[in-house]
Number of protein chains: 2
Amino acid sequence: MTTTYAQARIEADEKVPMIHIHRDFRATPAQLFRAHTDPEVFARWVGPADVGAVIDYWDARDGGSWRYTTAGRVGTAFRGCFHTVTEERIVQTFTWEGMPEGVALETVTFEDLGDGRTRLHATSLCDSFEARDGWLASGMETGVDDGYAAIDRMLEAGEL
Amino acid sequence: MTTTYAQARIEADEKVPMIHIHRDFRATPAQLFRAHTDPEVFARWVGPADVGAVIDYWDARDGGSWRYTTAGRVGTAFRGCFHTVTEERIVQTFTWEGMPEGVALETVTFEDLGDGRTRLHATSLCDSFEARDGWLASGMETGVDDGYAAIDRMLEAGEL
């Protein structure tokens, strides 16, 4: 049986302090690349459905940096720098500013499944298993599921 | 007995794919911070003694980026972005361009030991134990030892 990820699968790596996420979309790799690099598009889908995002700065290129602030609940902010930005692979750092010493290294790749479908693979590498497990226990799946559902809706509406 | 690190100690973490480096200097934290953030100073010490470094770009601030090219053997280059740059802590990404998909997350902190001495703690987090062990087997200790000895000489000469 072929594995499909109509809903995001979020998994803890067994060997290293990493989170893996897999999710299939009815999209091309180029559409998912745009969703992750165009700041206006990114702000429309990232995070839980009841939390809006405002981009503070965003420069999606090798060596650029990014920051966004959330609204709708208690405001908070996330920031990082882009290490690699290509159509196939994005590598960036990630910090929630509520815990400024915590830095994760994130990678997103887009696997073309053919027939207008693409599988997103995302990893997040933390510096300890405690930090990784803290993220897994934080309720992050709500943001992941809501965000990817918002991408689905933009794709269906022809907005991406 | 008090532990001192007159020579660098390079250790493999037992739990996560990380390298730890510890090294003591007759320097203040501010002097070591300058050695790691001033591009003209950095180019004078980084790497093996028989390999020179030329800075291609360097912007040592949160969200800045850096790249340098080596000369003296077969030329190669290293690049990354600065995630955090404070007097106490530098966090940056690191790629050797000979293996462009390999990205490490590096942290350097400066512990004031008093009496004009400072202990440098550096970590390098890889995404697999294989990648980490590859770095440990690469002869990296030559670059580490030679580079820190060059910092010692700059400090003794009053050039830092």
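Other residues whose C-beta falls under 14 angstrom from the C-beta of B:Thr95 contribute a net charge of -3, scoring Lys and Arg +1 and Asp and Glu -1. Assuming charge only on the beta carbon of Lys and Arg (+1) and of Asp and Glu (-1), the dipole of the stretch B:26-94 about its Cα centre is about 160 debye to the nearest 20.
Loop-located chymotrypsin sites (Phe, Trp or Tyr not before Pro) in the stretch B:1-65 (DSSP state other than H, G, I, E, B) with a sparse environment of at most 15 neighbouring Cβ atoms within 10 Å: B:Tyr5. Residues of the stretch B:121-160 that lose at least 40 Å² of accessible area (1.4 Å probe, protein heavy atoms only) when the other protein chains are present, relative to their chain alone, are B:Leu125, B:Asp127.
Can you give the net charge of the other residues whose Cβ lies under 10 Å from the Cβ of B:Leu125, counting K and R as +1 and D and E as -1? So the surrounding residues net to -3. Taking Cβ atoms as reference points and 11 Å as the exclusive limit, the residues near A:Pro29 contribute a net charge of 0, counting Lys and Arg as +1 and Asp and Glu as -1. Each of B:Phe82, B:Phe33, B:Gly98 was placed along the dipole of chain B (beta-carbon charges, centred on the mean Cα), and the one lying farthest toward the positive end is B:Phe33.
Summary of packing: across the peptides A:151-158, A:63-70, the per-residue average of other C-beta atoms within 10 Å ranks them, highest first, as A:63-70, A:151-158.
Here A:Tyr5 yields copy-to-copy label distances, from shortest upward, of 3.7 nm, the label point defined as 7 Å from Cα along Cα to C-beta. Close amide H partners of A:Tyr5, meaning residues 5 or more places away or on another chain with modelled amide H under 5 Å apart, are A:Asp24. Take every Cα-Cα pair in the protein assembly as shown and report what % of them are more than 38 Å apart. Roughly 20 percent, once rounded to a whole number. Placing unit charges on the Cβ atoms only, positive for Lys and Arg and negative for Asp and Glu, gives chain A a dipole magnitude near 160 debye about its Cα centre. Each residue of the stretch A:147-156 was assigned a 3J(HN,Hα) from its phi angle through the Karplus curve 6.51 cos²θ - 1.76 cosθ + 1.60 (θ = phi - 60°); the sequence is x, 5, 5, 5, 4, 3, 5, 5, 5, 4 Hz, with glycine and proline shown as x.
Normalised size of the stretch B:1-157, defined as Cα radius of gyration per 2.2 N^0.38 Å with N residues, equals 0.99. When the P(r) of the stretch A:85-160 is calculated, the portion above 19 Å amounts to 49% of the C-alpha pairs. In this assembly of identical copies, the label point of A:Glu111 (Cα plus 7 Å along Cα-to-Cβ) is separated from its counterparts by 4.3 nm, sorted shortest first.
Run through the stretch A:1-54 and list the GluC sites (Glu not before Pro) located in a DSSP loop whose Cβ has at most 12 other Cβ atoms within 10 Å.
For GluC sites (Glu not before Pro) across the stretch A:1-54 that sit outside H, G, I, E and B with at most 12 neighbouring Cβ atoms in 10 Å, the list reads A:Glu14.
Summed over the residues of the stretch A:10-62 and divided among them, the accessible surface reaches 50 Å² per residue at a probe radius of 1.4 Å. Protein heavy-atom surface of the stretch B:67-160, 1.4 angstrom probe: 51% of the accessible area is carbon and sulfur, with nucleic acids and ligands not counted. Counting only other chain Cβ atoms within 10 Å of each residue's Cβ, the peptide A:92-101 averages 3. Distances between copies at A:Gly134, taken between label points 7 Å from Cα along the C-beta direction, are 3.0 nm in increasing order. Helices in chain B, meaning DSSP H runs of at least 4 residues, each add -39500 (n - 2.57). Divided by all residues, the mean residue ellipticity at 222 nm is -7500 deg cm²/dmol. Between the listed residues B:Leu113, B:Ala60, B:Gly143, the Cα displaced farthest toward the positive end of the dipole of the stretch B:49-160, a dipole computed from Cβ unit charges relative to the Cα centre, is found at B:Ala60. Dipole size of the protein assembly as shown about its Cα centre, with +1 on Lys/Arg Cβ and -1 on Asp/Glu Cβ: approximately 260 debye, rounded to the nearest 20.
Remark: the stretch A:46-54, residue by residue, has Karplus-estimated 3J(HN,Hα) of 5, x, x, 4, 9, 10, x, 10, 10 Hz, where x stands for each Gly or Pro and the curve is 6.51 cos²θ - 1.76 cosθ + 1.60 at θ = phi - 60°. Amide H to amide H distances under 5 Å link B:Ser128 with no residue, where only residues 5 or more positions off or on other chains count and H is placed in the peptide plane. Along its first, second and third principal axes, ordered by size, the stretch B:18-66 spans 30, 29, 26 Å in Cα coordinates. The distance from the alpha carbon centre of the stretch B:70-132 to that of the stretch A:91-154 is 24 Å, rounded to a whole number. 3J(HN,Hα) along the stretch B:21-29: 10, 10, 7, 9, 10, 7, 7, 8, x Hz, from the Karplus curve 6.51 cos²θ - 1.76 cosθ + 1.60 with θ = phi - 60°, whole Hz, x for Gly and Pro.
The values are calculated or read from the model by the stated rules, or taken from the named source; none is laboratory data. Please read these numbers as outputs of a predicted model, since none were measured by experiment. In this analysis, Cβ positions are derived from the backbone assuming ideal geometry, glycine residues included, and neighbour counts consider all displayed protein chains. Surface areas here come from the heavy atoms of the whole protein model, side chains and all, with no ligands, DNA or RNA. Shrake-Rupley method; radii C 1.70, N 1.55, O 1.52, S 1.80 Å.
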